[in-house]
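Right, one structure below, let's go through it.
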Amino acid sequence: MKDKVRLAMVVGILATLLVAPGLFPAPAGAPAPAEPASLPEPGPAEAPPAACCPHEHEAPAGPVKTAYLTFDDGPSEVTLDILDILGDFGVPATFFVCGNHWDFGRNAYRRMLDEGHAIGNHSYTHNLTRIYASAAAFWADFDRLQHLLEEATGDRPPIMRFPGGSNNRFARRELMDELLAGLEERGIRYFDWNVCSGDSAVLGQDPEVIIRRVLDGVRGLDEAVILFHDSYSRATTVTALPVILEALLADGFAFRTLGPDSTGVQFPR
Ligand SMILES: [Zn+2]
(Lines give C-alpha, C1' and ligand atoms only; values in the text may rest on other atoms or scores of the structure.)
Protein backbone atom coordinates (compact mmCIF):
# COMPACT_ATOMS: atom_id res chain seq x y z
CA MET A 1 0.00 0.00 0.00
CA LYS A 2 1.32 3.50 -0.80
CA ASP A 3 2.33 5.76 2.12
CA LYS A 4 0.15 8.66 0.97
CA VAL A 5 -2.89 6.49 0.63
CA ARG A 6 -2.25 4.98 4.03
CA LEU A 7 -1.71 8.43 5.61
CA ALA A 8 -4.94 9.71 4.10
CA MET A 9 -6.72 6.66 5.46
CA VAL A 10 -5.27 7.16 8.94
CA VAL A 11 -6.22 10.84 9.02
CA GLY A 12 -9.68 10.11 7.66
CA ILE A 13 -10.46 7.37 10.15
CA LEU A 14 -8.97 9.29 13.10
CA ALA A 15 -11.05 12.33 12.16
CA THR A 16 -14.18 10.19 12.05
CA LEU A 17 -13.42 8.71 15.45
CA LEU A 18 -12.63 12.10 17.02
CA VAL A 19 -15.90 13.71 15.95
CA ALA A 20 -18.09 10.73 16.74
CA PRO A 21 -19.13 10.90 20.42
CA GLY A 22 -19.59 7.63 22.24
CA LEU A 23 -17.12 5.72 20.10
CA PHE A 24 -14.87 5.18 23.12
CA PRO A 25 -17.30 4.15 25.85
CA ALA A 26 -16.59 2.70 29.30
CA PRO A 27 -13.48 0.59 29.96
CA ALA A 28 -13.47 -2.84 28.46
CA GLY A 29 -10.75 -5.42 28.13
CA ALA A 30 -11.98 -8.83 29.20
CA PRO A 31 -10.51 -11.80 27.33
CA ALA A 32 -12.55 -12.34 24.21
CA PRO A 33 -11.79 -15.56 22.41
CA ALA A 34 -12.90 -15.53 18.80
CA GLU A 35 -11.19 -17.57 16.17
CA PRO A 36 -12.53 -19.38 13.17
CA ALA A 37 -11.34 -22.78 12.04
CA SER A 38 -9.59 -21.43 8.98
CA LEU A 39 -6.73 -22.94 7.05
CA PRO A 40 -3.70 -21.00 5.80
CA GLU A 41 -2.91 -21.15 2.13
CA PRO A 42 0.34 -21.13 0.17
CA GLY A 43 1.52 -18.24 -2.00
CA PRO A 44 4.63 -16.80 -3.82
CA ALA A 45 7.64 -14.40 -2.79
CA GLU A 46 11.40 -13.82 -1.83
CA ALA A 47 13.71 -12.84 1.20
CA PRO A 48 17.04 -13.60 3.11
CA PRO A 49 17.94 -15.72 6.25
CA ALA A 50 17.46 -14.61 9.83
CA ALA A 51 18.31 -14.31 13.51
CA CYS A 52 15.95 -13.49 16.37
CA CYS A 53 16.48 -9.98 17.76
CA PRO A 54 13.26 -8.26 18.86
CA HIS A 55 13.46 -4.48 19.04
CA GLU A 56 11.44 -2.07 21.11
CA HIS A 57 9.68 1.20 20.56
CA GLU A 58 10.37 3.62 23.41
CA ALA A 59 7.30 5.13 25.04
CA PRO A 60 7.08 8.71 26.33
CA ALA A 61 7.92 9.34 30.02
CA GLY A 62 5.35 8.08 32.52
CA PRO A 63 4.10 4.71 33.64
CA VAL A 64 5.18 2.03 31.17
CA LYS A 65 2.34 0.36 29.37
CA THR A 66 3.23 -2.46 27.02
CA ALA A 67 1.40 -3.56 23.92
CA TYR A 68 2.08 -6.95 22.38
CA LEU A 69 0.69 -6.98 18.85
CA THR A 70 0.01 -10.55 17.81
CA PHE A 71 -0.98 -11.77 14.35
CA ASP A 72 -2.36 -15.28 13.94
CA ASP A 73 -2.87 -17.65 10.98
CA GLY A 74 -0.34 -16.22 8.48
CA PRO A 75 1.77 -15.98 6.52
CA SER A 76 -0.25 -14.60 3.60
CA GLU A 77 -0.09 -11.59 1.29
CA VAL A 78 -1.73 -9.65 4.13
CA THR A 79 1.34 -10.44 6.25
CA LEU A 80 3.55 -8.54 3.83
CA ASP A 81 1.41 -5.39 4.10
CA ILE A 82 1.44 -5.71 7.88
CA LEU A 83 5.23 -6.06 7.91
CA ASP A 84 5.48 -2.89 5.79
CA ILE A 85 3.29 -0.96 8.24
CA LEU A 86 5.16 -2.24 11.31
CA GLY A 87 8.40 -1.22 9.60
CA ASP A 88 7.05 2.27 8.87
CA PHE A 89 6.13 2.71 12.53
CA GLY A 90 9.24 0.96 13.84
CA VAL A 91 7.27 -1.31 16.17
CA PRO A 92 7.73 -5.07 16.67
CA ALA A 93 5.05 -7.74 16.75
CA THR A 94 4.65 -11.45 17.34
CA PHE A 95 3.42 -13.69 14.53
CA PHE A 96 1.76 -16.94 15.54
CA VAL A 97 2.21 -18.66 12.23
CA CYS A 98 0.87 -21.73 10.48
CA GLY A 99 2.63 -24.00 8.01
CA ASN A 100 3.48 -22.75 4.54
CA HIS A 101 6.28 -24.80 3.03
CA TRP A 102 6.41 -22.83 -0.23
CA ASP A 103 9.15 -20.26 -0.90
CA PHE A 104 6.58 -17.60 -0.06
CA GLY A 105 6.10 -18.98 3.44
CA ARG A 106 9.77 -19.62 4.14
CA ASN A 107 10.67 -16.11 2.98
CA ALA A 108 7.90 -14.57 5.07
CA TYR A 109 9.12 -16.40 8.21
CA ARG A 110 12.65 -15.14 7.56
CA ARG A 111 11.49 -11.61 6.91
CA MET A 112 9.57 -11.54 10.22
CA LEU A 113 12.72 -12.40 12.16
CA ASP A 114 15.01 -10.22 10.04
CA GLU A 115 12.82 -7.23 10.78
CA GLY A 116 12.89 -7.78 14.54
CA HIS A 117 9.60 -9.58 15.07
CA ALA A 118 9.02 -12.85 16.93
CA ILE A 119 7.49 -16.06 15.65
CA GLY A 120 5.37 -18.53 17.59
CA ASN A 121 3.91 -21.90 16.56
CA HIS A 122 0.16 -21.78 15.84
CA SER A 123 -0.05 -25.34 14.43
CA TYR A 124 0.83 -26.42 10.91
CA THR A 125 -2.68 -26.98 9.60
CA HIS A 126 -4.99 -25.03 11.96
CA ASN A 127 -7.38 -27.93 11.47
CA LEU A 128 -9.05 -27.81 14.89
CA THR A 129 -10.94 -31.09 14.71
CA ARG A 130 -7.84 -32.94 13.58
CA ILE A 131 -5.20 -31.45 15.89
CA TYR A 132 -7.42 -31.71 18.96
CA ALA A 133 -8.42 -35.32 18.20
CA SER A 134 -5.60 -36.65 20.40
CA ALA A 135 -2.28 -35.64 21.94
CA ALA A 136 -0.45 -37.63 19.28
CA ALA A 137 -2.28 -35.79 16.51
CA PHE A 138 -1.54 -32.45 18.14
CA TRP A 139 2.20 -33.07 18.56
CA ALA A 140 2.58 -34.49 15.05
CA ASP A 141 1.12 -31.29 13.63
CA PHE A 142 3.04 -29.06 16.07
CA ASP A 143 6.39 -30.75 15.41
CA ARG A 144 5.84 -30.61 11.67
CA LEU A 145 5.71 -26.80 11.94
CA GLN A 146 8.63 -26.61 14.39
CA HIS A 147 10.66 -28.59 11.87
CA LEU A 148 9.65 -26.35 8.95
CA LEU A 149 10.46 -23.20 10.93
CA GLU A 150 13.83 -24.55 11.95
CA GLU A 151 14.56 -25.46 8.35
CA ALA A 152 13.50 -22.00 7.12
CA THR A 153 14.95 -19.79 9.87
CA GLY A 154 17.40 -21.91 11.88
CA ASP A 155 15.26 -21.62 15.04
CA ARG A 156 12.48 -23.57 16.71
CA PRO A 157 10.19 -21.02 18.38
CA PRO A 158 10.00 -21.30 22.20
CA ILE A 159 6.48 -19.82 22.20
CA MET A 160 3.11 -20.87 20.81
CA ARG A 161 -0.58 -20.05 20.73
CA PHE A 162 -3.23 -22.76 20.59
CA PRO A 163 -5.50 -22.45 17.56
CA GLY A 164 -8.76 -21.19 19.06
CA GLY A 165 -6.96 -20.25 22.29
CA SER A 166 -6.23 -22.44 25.31
CA ASN A 167 -9.93 -22.52 26.20
CA ASN A 168 -11.14 -23.59 22.75
CA ARG A 169 -14.17 -25.86 22.61
CA PHE A 170 -12.52 -28.44 20.37
CA ALA A 171 -10.06 -29.82 22.95
CA ARG A 172 -11.35 -31.87 25.87
CA ARG A 173 -10.12 -30.63 29.25
CA GLU A 174 -8.04 -33.79 29.88
CA LEU A 175 -6.42 -33.39 26.48
CA MET A 176 -5.60 -29.74 27.16
CA ASP A 177 -4.07 -30.69 30.53
CA GLU A 178 -1.90 -33.23 28.73
CA LEU A 179 -0.87 -30.69 26.07
CA LEU A 180 0.01 -28.07 28.68
CA ALA A 181 2.20 -30.59 30.50
CA GLY A 182 3.85 -31.43 27.18
CA LEU A 183 4.59 -27.77 26.49
CA GLU A 184 6.16 -27.39 29.91
CA GLU A 185 8.37 -30.43 29.30
CA ARG A 186 9.47 -28.91 26.01
CA GLY A 187 10.14 -25.49 27.58
CA ILE A 188 7.58 -23.80 25.37
CA ARG A 189 5.37 -21.01 26.70
CA TYR A 190 1.87 -20.45 25.36
CA PHE A 191 -0.03 -17.19 25.09
CA ASP A 192 -3.68 -16.26 24.82
CA TRP A 193 -4.81 -12.60 24.62
CA ASN A 194 -6.69 -9.96 26.60
CA VAL A 195 -7.71 -7.71 23.70
CA CYS A 196 -9.53 -9.14 20.70
CA SER A 197 -9.60 -6.94 17.60
CA GLY A 198 -12.63 -8.77 16.23
CA ASP A 199 -10.99 -8.82 12.81
CA SER A 200 -12.00 -12.44 12.29
CA ALA A 201 -15.54 -12.15 13.64
CA VAL A 202 -16.91 -11.57 10.13
CA LEU A 203 -15.35 -11.60 6.70
CA GLY A 204 -14.19 -8.08 5.76
CA GLN A 205 -14.76 -6.70 9.25
CA ASP A 206 -15.30 -2.94 9.22
CA PRO A 207 -11.90 -1.34 10.02
CA GLU A 208 -13.62 1.13 12.35
CA VAL A 209 -14.96 -1.79 14.39
CA ILE A 210 -11.44 -3.24 14.62
CA ILE A 211 -10.03 0.13 15.70
CA ARG A 212 -12.74 0.71 18.29
CA ARG A 213 -12.47 -2.78 19.77
CA VAL A 214 -8.71 -2.49 20.21
CA LEU A 215 -8.73 1.05 21.61
CA ASP A 216 -11.58 0.21 24.00
CA GLY A 217 -9.90 -3.07 24.90
CA VAL A 218 -6.55 -1.60 25.94
CA ARG A 219 -8.10 0.92 28.33
CA GLY A 220 -6.80 0.41 31.85
CA LEU A 221 -4.36 -2.32 30.82
CA ASP A 222 -0.64 -2.11 31.61
CA GLU A 223 -0.02 -5.16 29.42
CA ALA A 224 -2.17 -5.58 26.37
CA VAL A 225 -1.82 -8.72 24.30
CA ILE A 226 -3.82 -7.84 21.20
CA LEU A 227 -5.18 -10.51 18.87
CA PHE A 228 -5.19 -9.77 15.14
CA HIS A 229 -5.16 -12.08 12.12
CA ASP A 230 -3.01 -11.96 9.00
CA SER A 231 -4.56 -14.71 6.93
CA TYR A 232 -5.61 -14.02 3.32
CA SER A 233 -9.06 -12.71 4.10
CA ARG A 234 -7.99 -10.05 6.65
CA ALA A 235 -7.37 -7.07 4.39
CA THR A 236 -9.28 -4.68 6.66
CA THR A 237 -6.83 -5.45 9.48
CA VAL A 238 -4.26 -3.76 7.25
CA THR A 239 -6.50 -0.69 6.94
CA ALA A 240 -7.09 -0.48 10.69
CA LEU A 241 -3.53 -1.08 11.85
CA PRO A 242 -1.94 2.35 11.20
CA VAL A 243 -4.76 4.12 13.05
CA ILE A 244 -4.38 1.75 15.98
CA LEU A 245 -0.61 2.20 16.12
CA GLU A 246 -0.90 6.01 16.02
CA ALA A 247 -3.38 5.92 18.89
CA LEU A 248 -1.42 3.46 21.04
CA LEU A 249 1.82 5.41 20.57
CA ALA A 250 0.05 8.65 21.48
CA ASP A 251 -1.36 6.89 24.55
CA GLY A 252 2.17 6.02 25.76
CA PHE A 253 2.31 2.32 24.91
CA ALA A 254 5.68 0.68 24.31
CA PHE A 255 5.69 -2.27 21.91
CA ARG A 256 7.45 -5.54 22.59
CA THR A 257 7.53 -9.06 21.25
CA LEU A 258 6.43 -12.07 23.28
CA GLY A 259 9.12 -14.50 24.37
CA PRO A 260 9.54 -17.48 26.69
CA ASP A 261 10.08 -15.10 29.64
CA SER A 262 7.13 -12.78 28.97
CA THR A 263 4.31 -12.72 31.46
CA GLY A 264 1.82 -12.31 28.65
CA VAL A 265 -1.71 -13.58 29.03
CA GLN A 266 -3.04 -17.08 29.63
CA PHE A 267 -6.74 -17.74 30.08
CA PRO A 268 -7.72 -18.98 33.54
CA ARG A 269 -7.86 -22.78 33.78
ZN1 LIG B 1 -5.71 -19.11 14.60
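The values are calculated or read from the model by the stated rules, or taken from the named source; none is laboratory data. Bear in mind the structure is a predicted one, so any value in this text is a computation, not a measurement. We place every Cβ from the backbone using ideal geometry, glycine too, and count neighbours over all the protein chains shown.
Tabulated data
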{"read-out": "Helices (runs of 4 or more DSSP H) within region 165-269 that include 1 or more residues more than 17 Å from LEU86 (Cα to Cα), at pLDDT 95 or above and in contact with a Lys or Arg (Cβ under 9 Å, 6 or more places away or on another chain)", "value": "173-186"}
{"read-out": "Candidate set from region 226-269 (those that are farther than 13 Å from TYR190 by Cα and among the acidic types (Asp, Glu)); member that is farthest from the chain's Cα centre (by Cα)", "value": "ASP251"}
{"read-out": "Matching residues in region 120-131 - criterion: being free of Cβ contacts under 8 Å to residues at least 60 places away in the same chain and away from the ligand (no atom under 13 Å from the Cβ)", "value": "ARG130"}
{"read-out": "Residue, farthest from GLY252 (Cα to Cα), within region 180-223, restricted to residues that are among the acidic types (Asp, Glu) and in contact (Cβ under 8 Å) with a residue 60 or more places away in the chain", "value": "ASP192"}
{"read-out": "Any hit, region 195-209, residues being within 16 Å of the ligand (Cβ to nearest atom) and closer than 14 Å to GLN266 by Cβ", "value": "no"}
{"read-out": "Residue count for region 154-185, restricted to those that are more than 16 Å from the ligand (Cβ to nearest atom) and exposed (fewer than 14 other Cβ atoms within 10 Å of the Cβ)", "value": "8"}
{"read-out": "Where PHE255 falls short, out of the listed (1) farther than 30 Å from SER134 by Cβ; (2) within 16 Å of the ligand (Cβ to nearest atom)", "value": "(2)"}
